[in-house]
Amino acid sequence: MIVCHCNLIQESEIERTIVAMLDDDPWQLIVPLKVYHEMNKRGRCCGCFPNVVDIIIRVTAEYHKRNRTPPAQIESLVVRLSEVNREIEAARRAGARRAAELRAGRRAA
Ligand code: FES
């Protein structure tokens, strides 16, 4: 299934990239931009990022379950991943809103 229509990225490509990143460092906090950087891609419209966050959280939890990480540590990691990704998404949306306001102001002037 295609997750990112701008870059034509399949869900399976994202999953493989996340697993490879976790193999390098199982405790890193992964965000969509890091995943896309690993794939030599970049977010364009970034509309896929909420879905990529869901994939990151699911694949990270599955990875740690396979590696017998204690459930409490998995839960803690998932909470931190969710928080970090929520903060980044809020900042990205605020930046996009500000850019739209600036463009609108330029057009009105
Ligand atoms: S849908 Fe992924 S960057 Fe646009």
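Checking Ile18, Ile30 one by one, the residue that is part of a helix (DSSP H, G or I) and either surrounded by 12 or more Cβ atoms within 10 Å (Cβ to Cβ) or more than 10 Å from the ligand (Cβ to nearest atom) (or both) is Ile18 and no other.
The rows are residues; the columns are (1) modelled with pLDDT under 95; (2) in contact with a Ser or Thr (Cβ under 6 Å, 6 or more places away or on another chain).
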{"site": "Tyr36", "(1), (2)": "no, no"}
{"site": "Met39", "(1), (2)": "no, yes"}
{"site": "Arg44", "(1), (2)": "yes, no"}
{"site": "Gly47", "(1), (2)": "yes, no"}
{"site": "Ala72", "(1), (2)": "no, no"}
{"site": "Ile88", "(1), (2)": "yes, no"}
{"site": "Arg92", "(1), (2)": "yes, no"}
{"site": "Glu101", "(1), (2)": "yes, no"}
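Residue check, Val52 against (1) of a type outside the set (Ser, Thr, Tyr); (2) modelled with pLDDT under 95; (3) touching a Cys at 6+ places or on another chain (Cβ under 9 Å), all met but one. Which one? So the condition that Val52 fails would be (2).
Is it the case that Ile57 is among the β-branched types (Val, Ile, Thr) and away from the ligand (no atom under 11 Å from the Cβ)? For Ile57, the condition - among the β-branched types (Val, Ile, Thr) and away from the ligand (no atom under 11 Å from the Cβ) - is met.
Check whether at least one residue in the stretch 33-51 is touching a residue at least 24 places away in the same chain (Cβ under 8 Å) and more than 12 Å from the ligand (Cβ to nearest atom), and report yes or no. No; the residues of the stretch 33-51 include none that is touching a residue at least 24 places away in the same chain (Cβ under 8 Å) and more than 12 Å from the ligand (Cβ to nearest atom). Against the criterion of being surrounded by fewer than 16 Cβ atoms within 10 Å (Cβ to Cβ), near the ligand (Cβ under 9 Å from one of its atoms) and either among the acidic types (Asp, Glu) or closer than 25 Å to Gly95 by Cβ (or both), His5 qualifies. Is there any pair with a first residue in the stretch 1-19 that is hydroxyl-bearing (Ser, Thr, Tyr) and a second that is more than 7 Å from the ligand (Cβ to nearest atom) and at pLDDT 95 or above whose Cβ atoms are under 8 Å apart and which are 6 or more apart or on different chains, and what are they? Every condition considered, the pairs that remain are Thr17/Val35; Thr17/Glu38; Thr17/Met39. Considering only residues of the stretch 68-109 that are hydroxyl-bearing (Ser, Thr, Tyr) and in a helix (DSSP H, G or I), which is surrounded by the most Cβ atoms within 10 Å (Cβ to Cβ)? Here the answer is Ser82.
The values are calculated or read from the model by the stated rules, or taken from the named source; none is laboratory data. From a predicted model like this one, the values you see are computed outputs, not experimental measurements. Backbone-built Cβ (ideal geometry, glycine too); neighbour counts: all protein chains shown.
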